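Before any comments, here is the structure.
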Amino acid sequence: MPIVSLLLAAQAVLTTPTSAAPPACSGAQLRLSLDARDGDFNGMSHSGTELSIRNTGPDCTLAGLPTIQMRDARGRVLTAIRQKPVGMYPGPVVLPVRLGGGHRAVTNLRWVSGPTFPQSRSVHATMVTVRIGKATLRAPLSAVLYGDARKPVTFEQAPLRAMEGMAAG
């Protein structure tokens with residue numbers, strides 16, 4: 001067999017997926033919920049919550065670091081932004097999360113919950129939203145986020161991680 005044919009055959013083997021990734025999740029098949037875990041996130045002027053996205057449909061794929069926004073009582077987007085991840089420039093590579101039917105993916109959100117800055121400002125969040133494709137998932141939240149008055153208020157958001165097994169909720 002000529003060398004070119006061998007190289008083409010090897011390339012075909014290397015580029016042929018062994019199992020196709022499931023399609024992107026649609027907003028209609030997902031449910032968003034928050035769990036403050038009875039205050040486990042509270043302490044040292046910080047607070048937070050676990051954000052959970054449950055898949056009620058067939059297997060699908062979620063972005064590993066979805067767009068999360070905090071909103072006020074009127075539904076307006078607050079000037080609270082995700083902190084830039086530490087590490088690689090321009091940011092870490094975050095792989096999509098495969099989410100089986102009935103399973104969920106979670107991330108922890110954390111923020112400064114007290115006026116710890118020399119010049120503090122605060123925003124009052126009553127809702128968190130997650131953008132999934134063209135859909136927006138919503139969950140109620142009661143939180144006051146603080147930041148330096150000269151900068152946007154920030155919150156920490158870890159990449160989503162798929163949870164093994166069928167969790168309640």
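A few remarks follow.
- A cut-off of 5 Å between modelled amide H atoms, ignoring neighbours fewer than 5 places along the same chain, links His46 with Ser113.
- Taken one residue at a time, the phi angles of the range 26-35 give Karplus couplings (6.51, -1.76, 1.60, θ = phi - 60°) of 9, x, 5, 9, 10, 10, 9, 8, 10, 9 Hz. Gly and Pro are set to x.
- Per-residue ³J(HN,Hα) for the range 101-110, Karplus 6.51 cos²θ - 1.76 cosθ + 1.60, θ = phi - 60°, Hz, x for Gly and Pro: x, x, 9, 9, 10, 10, 8, 9, 10, 9
- Taking amide H atoms as placed 1.01 Å from N in the peptide plane, the amide H of Thr154 lies under 5 Å from those of Ile81, each 5 or more residues away in sequence or on another chain.
- Per residue solvent-accessible surface (Å²) - the range 90-169, probe of 1.4 Å: 55 Å²
- Most to least packed among 134-140, 71-77 [average Cβ atoms within 10 Å]: 134-140, 71-77
The values are calculated or read from the model by the stated rules, or taken from the named source; none is laboratory data. These figures come from a predicted structure and were not determined experimentally. Don't worry about glycine lacking a Cβ; one is built from the backbone with ideal geometry, like all the others, and counts go over all protein chains shown. Just the protein is used for accessible areas: all its heavy atoms, side chains included, with ligands, DNA and RNA removed. Shrake-Rupley method; radii C 1.70, N 1.55, O 1.52, S 1.80 Å.
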